[in-house]
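Worksheet: one structure, shown below.
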Amino acid sequence: MRAVVFEGAGGNEVVHVRERPDPIPQGTEVVVAVRYAGLNPADVLQRGGRYPAPPGAPTDVPGLEVAGEVVVTGDRVRRWRPGDRVFGLVGGGGLASRVLVDESHLAAVPDDLDDAEAAAVPEAFITAHDALRTQAALAPGERVLVHGATGGVGTAALQIVAASGARAFGVTRSAAGRDLVASLGASPVDDADFVEQVTEATAGAGVDVVLELVGAPHFPGNLQVLATGARIVVVGVGAGSKVELPLVALMGKRARIVGTVLRARSTVEKAVAVRAFERELVPGLATGRLHALVDATYPLDAVTDAFDHLEAAGKKGKILLAF
């Protein structure tokens, strides 16, 4: 197989494409043949030596998600057969033409979803769904502020909020971003003065959930836009992870801050997240009510260009590698 390999820690100088032996499944594992693979901010952190792979995952091949066709199964696999189209989560090794994954971390790809869009789904939609529905217990009629609204997780989150009967405010820095947010059924908000705009738009009532995909720069502003009993779910900290937090404001709103990741979860916990995604979101992907956005696709040999694009501002959906 061909794989993206990090040889050391640093920038794009440590990124290479190498030939590796095809993985051999054991027990409940399957091997998925990949045509497209999604890049994620966690891959950049791993490249820099700041986000190591969990035990059991490849240490030098990044990639947190998989989509493709089952080619080989372990002797205890019950659900999947060669030829099945699947997508789901891996702890690492996703940026390769053959990916090893536990069968419980996969869901069936709807027939009408092409391979590229399917590759853009798993990490974005499972992360957003878990954060909003499981961690924040989002309810119909609530208001949600999404920072980093035009990226893969952000665009998924805006759609999930709308599908849940709630109202989304999407934070962006550009006119194109505002148009994208509006096209997904949300109210655009400018990053520079999100506190004032959200306060005005909600007549001072604030939001019930803040989905933080960017990090430190939005604190303590996030606390200023909270409704009583609100929840802040921190999923991404690419712009910084250290904040000074006015606890009195948190107490006064009787609010909660929750941090969450998918990668470090146990096999069972990841399976629970994938089953919830399969139950609540895959039907919407099948009908087209929900859809993954692909900003750009790069050939495998241009992987460093893909990383440059991933780290740049102004993304509108997922960055994919073509195998």
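The values are calculated or read from the model by the stated rules, or taken from the named source; none is laboratory data. Bear in mind the structure is a predicted one, so any value in this text is a computation, not a measurement. Neighbour counts are summed over all protein chains in view; Cβ atoms, including those assigned to glycine, are modelled from backbone coordinates with ideal geometry. Keep in mind that these areas ignore ligands, DNA and RNA; they rest on the heavy atoms of the full protein, side chains included. Shrake-Rupley method; radii C 1.70, N 1.55, O 1.52, S 1.80 Å.
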Discussion item. If I ask for residues that are under 30 Å from I232 (Cβ atoms), part of a loop (DSSP other than H, G, I, E, B) and either open to solvent by 30 Å² or more (accessible area, probe 1.4 Å) or among the hydroxyl-bearing types (S, T, Y) (or both), which ones from region 102-141 would you list?
Written reply: A137, A139, P140, G141
Worksheet item: Since G229 meets every condition but one in (1) open to solvent by less than 30 Å² (accessible area, probe 1.4 Å); (2) on the phi > 0 side of the Ramachandran plot; (3) in contact with a Lys or Arg (Cβ under 8 Å, 6 or more places away or on another chain), which condition does it not meet?
Response: (1)
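Conditions tested, residue by residue: (1) open to solvent by 20 Å² or more (accessible area, probe 1.4 Å); (2) free of Cβ contacts under 8 Å to residues at least 40 places away in the same chain.
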site: V261; (1), (2): yes, yes
site: S266; (1), (2): yes, yes
site: A271; (1), (2): no, no
site: R289; (1), (2): yes, no
site: A292; (1), (2): no, no
site: L300; (1), (2): no, no
site: T304; (1), (2): yes, no
site: F307; (1), (2): no, no
site: A312; (1), (2): yes, yes
Response to the item:
Screening A9, A33 for residues that are in a loop (DSSP other than H, G, I, E, B), over 20 Å from A124 (Cβ atoms) and in contact (Cβ under 8 Å) with a residue 40 or more places away in the chain leaves only A9
Worksheet item: Is it true that A249 is in contact with a helix residue (DSSP H, G or I) (Cβ under 6 Å, 6 or more places away or on another chain), in contact (Cβ under 8 Å) with a residue 12 or more places away in the chain, loosely packed, with under 15 Cβ neighbours inside 10 Å and in a helix (DSSP H, G or I)?
Response: yes
Worksheet item: Could you list, in sequence order, the residues of region 82-101 that are in a strand (DSSP E or B) and touching a residue at least 60 places away in the same chain (Cβ under 8 Å)?
Response: G88, L89, A96, R98, V99, L100, V101
Worksheet item: Across region 200-215, which residue is most open to solvent (accessible area, probe 1.4 Å) among those that are free of Cβ contacts under 8 Å to residues at least 24 places away in the same chain and either of a type in the set (F, W, Y) or in a loop (DSSP other than H, G, I, E, B) (or both)?
Response: A203
Response to the item:
The number of residues in region 36-60 that are in a loop (DSSP other than H, G, I, E, B), among the β-branched types (V, I, T) and crowded, with 17+ Cβ neighbours inside 10 Å is 0
Discussion item. Cβ-Cβ distance below 7 Å, separation of 6 or more or different chains: which pairs start in region 68-81 with a residue that is within 19 Å of A118 (Cβ to Cβ) and of a type in the set (K, R) and end on one that is open to solvent by 20 Å² or more (accessible area, probe 1.4 Å) and not in a strand (DSSP E or B)?
Written reply: R79/E103
Worksheet, complete the sentence: Among A168, A149, the single one that is over 15 Å from G236 (Cβ atoms) and surrounded by 24 or more Cβ atoms within 10 Å (Cβ to Cβ) is A168
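So that you can scan it fast, the table gives a plain yes or no per residue for (1) in contact with a helix residue (DSSP H, G or I) (Cβ under 6 Å, 6 or more places away or on another chain); (2) among the hydroxyl-bearing types (S, T, Y); (3) under 23 Å from L64 (Cβ atoms):
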residue	(1), (2), (3)
P140	no, no, no
T150	yes, yes, yes
A162	no, no, no
R167	no, no, no
V171	yes, no, no
R178	no, no, no
